[in-house]
Amino acid sequence: LKKKKKSWHLAIRKEGIGACGWILVSLSFLFVLITFPFSIWMCLKIVKEYERAVVFRLGRIVSKKAKGPGLIMVLPCTDVFARVDLRTVTSNIPLQEILTKDSVTTQVDGVVYYKIHSAVCSVANVTDVHLATNLLAQTTLRNVLGTQSLSQILSGREEIAHNIQSILDNATGKWGIQVARVEIKDVRIPMEMQRAMAAEAEATRDARAQIIAAEGERNASEALKQASMVLVEAPSALQLRYLQTLTTLATEKNSTIVFPLPMNMLQGFYKQ
């Protein structure tokens, strides 16, 4: 891109303005000298720090680089100049209605941050650089999001924004535009789709809760199985567990408790 720009400017300088053009420029300069110092107020122009001036002399660009900032001299009758603002421009992308890859109608808007890095290209290569960039951003947003599904748009905003920025930066380079950032502000989906997505999310949460409860029951059953195996090996542990349970119940509530009497305590009476 840089090589193309350089060759374009060199071609302009080689052609020149011709002999007739130099005569007109000389006459304009002579007119400035004759009417000095009054004409100096017409010739001197102030270009601000964030601006650049592209000077056309007899319809041709004077230099391959824009002039400024500071004082510049413009000859009367033969020179015309255009001011170019180099500050970052914020351009809102209007709400775009998009049909996604999975046939869902959505409305998406965004914002583009760009600035002019070549004042000469922005004036000479496009009629209205800001309008052209805004329209290209709208078209690129629709084209890129049309190839994505709704879930990809909702979960991959940052990646999609970087993709749009890369496409815009490549396309607007010849206009002297550098795209700094692209952001997707809002994604609007129909109310019916919102209710369907909410129902799907609720069903997913219910299914997950049932799975967690089932896993808890399985873990509890395995723990009870291991506890029963321990109690079988040590019968006295079951009696201790009874006593521990009674102590816990007596602490919480004062009530009459009926519990089974172990049969091994009555074996002595049966023998007598």
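Say whether the condition of being free of Cβ contacts under 8 Å to residues at least 12 places away in the same chain and under 30 Å from the mean Cα position of the chain (by Cα) is met by at least one residue in region 80-100. The answer is yes, given that some residue of region 80-100 is free of Cβ contacts under 8 Å to residues at least 12 places away in the same chain and under 30 Å from the mean Cα position of the chain (by Cα). Out of all the residues in region 97-105, is one or more outside any helix (DSSP H, G or I), open to solvent by less than 70 Å² (accessible area, probe 1.4 Å) and either within 13 Å of Arg52 (Cβ to Cβ) or at pLDDT 90 or above (or both)? No, that holds for no residue. For region 143-162, the set of residues classified as assigned to a helix (DSSP H, G or I) and loosely packed, with under 15 Cβ neighbours inside 10 Å consists of Asn143, Ser151, Leu154, Ser155, Glu158, Glu159, His162, listed by residue number.
Determine, yes or no, whether Val80 is touching a strand residue (DSSP E or B) at 6+ places or on another chain (Cβ under 9 Å), surrounded by 15 or more Cβ atoms within 10 Å (Cβ to Cβ) and among the aliphatic types (A, V, I, L, M). Answer is no for this residue.
What about Thr88, is it open to solvent by 50 Å² or more (accessible area, probe 1.4 Å), in contact with a Lys or Arg (Cβ under 6 Å, 6 or more places away or on another chain) and of a type in the set (Ser, Thr, Tyr)? Yes, satisfied. Considered as a group, the residues in region 32-70 that are open to solvent by less than 100 Å² (accessible area, probe 1.4 Å) and assigned to a helix (DSSP H, G or I) include one that is modelled with the highest pLDDT, and that residue is Cys43.
Kindly evaluate Phe29 against the criterion of being modelled with pLDDT of 80 or more, aromatic (Phe, Trp, Tyr) and farther than 30 Å from Ile116 by Cβ. No, not satisfied.
Only one entry in Ile177, Ile167 is within 30 Å of Asn125 (Cα to Cα) and either in contact (Cβ under 8 Å) with a residue 40 or more places away in the chain or open to solvent by 90 Å² or more (accessible area, probe 1.4 Å) (or both), namely Ile177.
The values are calculated or read from the model by the stated rules, or taken from the named source; none is laboratory data. Everything numeric here is computed off the predicted structure, so don't read it as measured data. Don't worry about glycine lacking a Cβ; one is built from the backbone with ideal geometry, like all the others, and counts go over all protein chains shown. SASA here: full protein model, heavy atoms, side chains in, ligands and nucleic acids out. Shrake-Rupley method; radii C 1.70, N 1.55, O 1.52, S 1.80 Å.
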